[in-house]
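What follows is a short report on a single structure.
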Amino acid sequence: MKRSAGVLLYKKEKDEYFVLLAHFGGPYWQNQDKGAWSLTKGIVEENESVLAAAKREVEEETNLKVSSDIFYLASKKVSRNKLVIMFYAYYDGDLSCFKSNTFSLEWPKNSNQTKEFPEMNEIRWFSLKEAKEYIHPTQRFFVERLEEKFVIERGII
């Protein structure tokens with residue numbers, strides 16, 4: 001089974017929590033908004049620790065360096081052969097340095113032309129409510145889990 005790891009970055013402004021989501025790059029996602037946003041995550045390479053992979057993926061997909069403490073959030077099987085392991089960390093830094101790694105794709109399809117596309121083409125802060133609406137449905141669980149942690153921290157339960 002493939003393992004994917006990432007870090008869900010969050011910040012707090014006044015009494016509201018926000019999470020950082022990344023919009024999928026490439027031609028398939030260019031005209032989609034709801035359901036086309038993702039956590040920063042990716043495949044854990046052979047002989048790589050899960051936490052090292054999570055940090056690497058954040059940097060590759062956003063060009064942001066997470067320097068705060070990173071905590072385990074949850075793991076979830078998102079498909080028959082893929083397990084996502086998610087961490088979370090506070091981040092309130094500058095997003096203007098955003099830059100994503102790229103991937104190659106034959107585009108247009110069957111054209112024999114290969115083009116480069118950013119893996120993620122935008123990052124943005126979303127309230128928890130908005131994030132659950134815009135994130136890819138297979139990843140909503142992680143936003144909900146983080147929200148549960150915040151509720152418990154505030155003693156609402």
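The values are calculated or read from the model by the stated rules, or taken from the named source; none is laboratory data. Please read all numbers here as calculations on a predicted model, not as lab measurements. A quick note on method: Cβ atoms are made from the backbone with ideal geometry, for glycine too, and the neighbour counts reach across all protein chains shown.
Before moving on, here are some points about what is shown:
- One residue alone among Lys132, Lys149 is without any contact (Cβ under 8 Å) to a residue 24 or more places away in the chain, more than 15 Å from Phe24 (Cα to Cα), surrounded by 14 or more Cβ atoms within 10 Å (Cβ to Cβ) and basic (Lys, Arg), and that residue is Lys132.
- Taken as a whole, the structure places Phe117 among residues that are in contact with a Gly (Cβ under 7 Å, 6 or more places away or on another chain), touching a residue at least 60 places away in the same chain (Cβ under 8 Å), surrounded by 16 or more Cβ atoms within 10 Å (Cβ to Cβ) and at negative phi.
- Segment 72-108, subset of a type in the set (Gly, Ala, Ser) and closer than 19 Å to Phe142 by Cβ, residue modelled with the lowest pLDDT: Ser79
- Any chance Phe142 is touching a Ser or Thr at 6+ places or on another chain (Cβ under 7 Å) and either part of a helix (DSSP H, G or I) or under 24 Å from Thr40 (Cα atoms) (or both): no
- Residues of segment 133-145 that turn out to be over 13 Å from the mean Cα position of the chain (by Cα) and under 18 Å from Met86 (Cβ atoms), as a count: 2
- Meets criteria (assigned to a loop (DSSP other than H, G, I, E, B), surrounded by 14 or more Cβ atoms within 10 Å (Cβ to Cβ) and touching a helix residue (DSSP H, G or I) at 6+ places or on another chain (Cβ under 8 Å)) for Gly6: no
- Condition met for Phe126 (assigned to a strand (DSSP E or B) and over 14 Å from the mean Cα position of the chain (by Cα)): no
- If the condition is being on the phi > 0 side of the Ramachandran plot and surrounded by fewer than 16 Cβ atoms within 10 Å (Cβ to Cβ), then segment 9-55 contributes Lys14, Asn47.
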